[in-house]
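Here's the structure we're looking at; comments come further down.
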Amino acid sequence: MVLGVVYYFGVKHGVGAESLSEFFTAIHVDAHVGVSASSLRLLKRKMRDAIIAYEVAQQEHCQPKEGQGICVGGDETFFGLPILVMLELASGFIFTEVERPNRTYATWQVQIQQWWTRCGWHFHFMVSDGAPALIKLAVSGLGCVRLRLCQCF
């Protein structure tokens, strides 16, 4: 619980160590865990460092090997504005998940350029529904085969 609160409120939302210490003392966590402001400050710093180190390690280890390819799925979901979602099918890794006011090929192309041009992946195929923007993205943008989703009832 302490790590979750420190990460969510301290690291992610910038709540100070003194306020976190007061909170933990108020709910009597201080009887079981050291929650002084200085120890929480150190914990926040260690968490930030670990997050940054993890990102660096992932960037180093997750580079594509020569000729290695992936299969992606793309879709547009609606919760207010359209949400453009593209993920790698084997792992479920989300490459793109962003709200945009339109669902055109140009909009999709801008979103994938952020990672596609520097990644070096070869795309085997892209699975999508029949949206024209997604068909064009697969064939023209990614240069791969596009597979249509079947709707079975």
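The values are calculated or read from the model by the stated rules, or taken from the named source; none is laboratory data. Quantities reported herein were computed from a predicted structural model and do not represent experimental measurements. Cβ sites come from the backbone with ideal geometry, for glycine too, and all protein chains shown count toward neighbours.
Conditions (1) of a type in the set (A, V, I, L, M); (2) closer than 30 Å to Thr25 by Cα; (3) modelled with pLDDT under 75, marked per residue:
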residue	(1), (2), (3)
Arg41	no, yes, no
Lys46	no, yes, no
Ile52	yes, yes, no
His61	no, no, yes
Gly74	no, no, no
Glu88	no, no, no
Glu97	no, no, no
Trp108	no, no, no
Gln113	no, no, no
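A single member of Ile94, Ile112 is surrounded by 12 or more Cβ atoms within 10 Å (Cβ to Cβ), of a type in the set (A, V, I, L, M) and touching a strand residue (DSSP E or B) at 6+ places or on another chain (Cβ under 8 Å), and it is Ile112.
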